[in-house]
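Novice: Can you read through this structure? Questions will come right after.
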Amino acid sequence: MSPSLSLIVFVVAAALAVVGQLLVLRDGLAGRTPAAGTSVGARVREALWITIPALVLGLTLWGTWRALPSRERVATPVRPAGEPVATRPVPGVRL
Amino acid sequence: MNPSTISSAPSESRTALQDFVSLTKPRIISLLLVTTVAPMFVAGDPTWQQVLLVTLGGYLMAGGANAVNMYVDRDIDDSMARTRTRPIPSGRMGARAVLAFGVAIATAATWLLGRFINPLTAALALGGFYFYILVYTRWLKRTTPQNIVIGGAAGAFPPLVGWAAVTGQLDLTAVYLFLIIFFWTPPHFWALALLKQVDYGRAGVPMAPLVWGERETMNQMLWYTFILLGLTLLPASFGAFGLVYFVSALVLGLILLYGVLRIRRETVWAKPAWWVYKYSLLYLALLFVAMVADRALT
């Protein structure tokens, strides 16, 4: 996959995941009316369970952005003529 | 010798064997094994001995977790039609025997994976076991409608096990395999929960349709399907998979999305809900097969 195509796939797929996650957060944190008798502690725990996957998703997207083959090309300033192109290792970010 | 003794002995032993096998929930494990073994071929080039040992270890660990789960849930299994015929509520097996069996085979799995594969693989498999028993069954299942969201992480350990068995480490692709199963679980399980909500209500399990209502559960299924579709496409962006996987993930995901939309759209949603439940099983298996096919073809 070409670097520009991989960037497009990343943007579209990440947008889909982020929109889905934001809708989950919206409904979970603000949208749903808590059931009668729900304690504050239970609501806090509920919010925690909704937030943790969102944070993990955010971290994963950040890691993916760093691993994109196109990222360096986008972020690197124009190099002087004749200077060799920097190469990236094959993706596979180790934890 | 009494002829009736001769004829009944094999039948009784077969029943006991069937009960032991049923404690491990073999049908559910078959999908877990697909999501364990497929990542091994994505991660590298495993030997047949590695595949055999990981399959056996994975079966024993998941089977042990399922048996211990039946022990922990023995007080509510009798109140649900779906679980009433299990060995403990039906009185065919004692609770302690089931617990001992579950712990024994999980211990055997830990030894097998640690001794013949590597410590990380054994630790991950054992982590999945404890997460399922302690976090899902003991803690979340009866306390929050988020039970299967967070608890779904237990079912997401198998690809990490398969990956670690071949590479001895975890990387970004392995994280994606974990997250794909994690975010697949809500639309899959809530489709079943919509259909079995009376059963869950009788057992006092706060599944989403009972707490949030059917409409909100259907909305949540759709939001999680959006996340799932995005997540399944993302590995192609950083070169983990190629075109074969990308097209497969897109087509399979769009079919799932269509199914979930049908549940929300139709007034009589039982049929589409059942369809989504069954298709989501096929979806996950085919998605992992597509990963292997992609690696083999590109």
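The values are calculated or read from the model by the stated rules, or taken from the named source; none is laboratory data. All of these numbers come straight from a predicted model, not from anything done at the bench. So basically every Cβ, Gly included, is an ideal-geometry build from the backbone, and we count neighbours across all protein chains shown. Side chains included, ligands, DNA and RNA excluded: accessible areas come from the protein's heavy atoms. Shrake-Rupley method; radii C 1.70, N 1.55, O 1.52, S 1.80 Å.
Novice: Only counting protein heavy atoms at a 1.4 Å probe, give the residues of the range B:223-239, ordered by number, whose accessible area falls by 10 Å² or more when the other protein chains are present relative to the chain alone.
Specialist: B:223, B:224, B:226, B:227, B:229, B:230, B:231, B:233, B:234, B:236, B:237, B:238
Novice: Give the carbon-plus-sulfur fraction of the accessible surface of chain B in %, rounded to a whole number; probe 1.4 Å, heavy atoms of protein chains only. Walk me through the intermediate numbers first.
Specialist: On the way: 8020 of 12160 Å².
In chain B, the share of accessible area belonging to carbon and sulfur is 66 percent.
Novice: Please report the spacing between the Cα centers of the range B:120-143 and the range B:145-215 in Å, no decimals.
Specialist: For the range B:120-143 versus the range B:145-215, the Cα centre distance is 12 Å.
Novice: In terms of solvent-accessible area of protein heavy atoms at a 1.4 angstrom probe, what is the ranking of B:214, A:46, highest value first?
Specialist: B:214, A:46
Novice: Calculated from DSSP H runs of 4 or more alone, at -39500 (n - 2.57) each and per residue, what is the 222 nm mean residue ellipticity of chain B, nearest 500?
Specialist: Helix contribution divided over all residues of chain B: -26000 deg cm²/dmol.
Novice: Using the crude model of +1 on Lys and Arg Cβ and -1 on Asp and Glu Cβ, and no other charge, please compute the dipole size for the range B:17-168 relative to its Cα centre, in debye to 20.
Specialist: Its charge dipole is roughly 340 debye.
Novice: Which three numbers, in whole Å and largest first, are the semi-axes of the equivalent ellipsoid of the range B:171-298 derived from its Cα gyration tensor as √(5λ)? If you can, show how the numbers build up before the last one.
Specialist: Numbers: eigenvalues 177, 40, 27 Å².
Values for the range B:171-298, descending: 30, 14, 12 Å.
Novice: In Å and whole numbers, how far do the C-alpha atoms of chain B stretch along each principal axis, longest first?
Specialist: Projected onto its principal axes, the Cα set of chain B covers 69, 51, 37 Å.
Novice: For chain B, with only Lys/Arg (+1) and Asp/Glu (-1) charged at the beta-carbon, what is the dipole magnitude about the Cα centre, in debye rounded to 20?
Specialist: Using only the charged Cβ atoms, the result is roughly 580 debye.
Novice: Under 13 Å from the 7 Å Cα→Cβ point of residue B:285, by amide nitrogen: which residues of the range B:241-271?
Specialist: Answer for this model: none.
Novice: Taking each full run of DSSP H in chain B as one helix, which ones are at least 30 Å long along their axis (Cα atoms) and have mean Kyte-Doolittle hydropathy of at least 1.0?
Specialist: Helices meeting the criterion: B:95-116, B:172-195, B:243-265.
Novice: Summed for both chains, how many Å² of accessible area, to the nearest 100, are buried between A and B with a 1.4 Å probe?
Specialist: So the buried area, both faces added, is about 2900 Å².
Novice: Just want the answer: with Cβ charges of +1 for Lys and Arg and -1 for Asp and Glu, which residue in B:184, B:212, B:236 is farthest toward the dipole's positive end in chain B?
Specialist: After comparing all options, I get B:212.
Novice: Further question: What are the residues of the range B:171-190 that lose 30 Å² or more of accessible area, with a 1.4 Å probe, going from their chain alone to all protein chains?
Specialist: The answer is B:171, B:172, B:175, B:176, B:179, B:183 - residues whose exposure falls by at least 30 Å² when every protein chain is included.
Novice: Also, I was wondering about something else. Cut-off under 15 Å on the C-alpha distance; same-chain residues fewer than 8 positions from residue B:141 excluded. Which aspartates and glutamates are left, in chain and number order?
Specialist: Filter leaves A:46, B:73, B:75, B:77, B:199.
Novice: Follow-up. 7 Å from Cα along Cα→Cβ at both residue B:250 and residue B:100: what's the point-to-point distance in nm?
Specialist: It is 5.7 nm.
Novice: Oh, and also: Using the Kirkwood radius over C-alpha pairs as Rh, can you work out the diffusion coefficient of the protein assembly as shown via Stokes-Einstein at 4 °C, viscosity 1.567 mPa s, in µm² per second?
Specialist: 58
Novice: Per residue, how large is the accessible surface of chain B? Use a 1.4 angstrom probe and give square angstrom.
Specialist: Result: 41 Å² of accessible area for each residue.
Novice: So, taking all protein chains as they sit and a 1.4 Å probe, how much accessible area belongs to residue A:49, in Å² rounded to tens?
Specialist: That residue has around 30 Å² of solvent-accessible surface.
Novice: Report the accessible area of residue B:107, computed with a 1.4 Å probe over the heavy atoms of all protein chains in place, in Å² rounded to the nearest 10.
Specialist: About 80 Å², ignoring ligands and nucleic acids.
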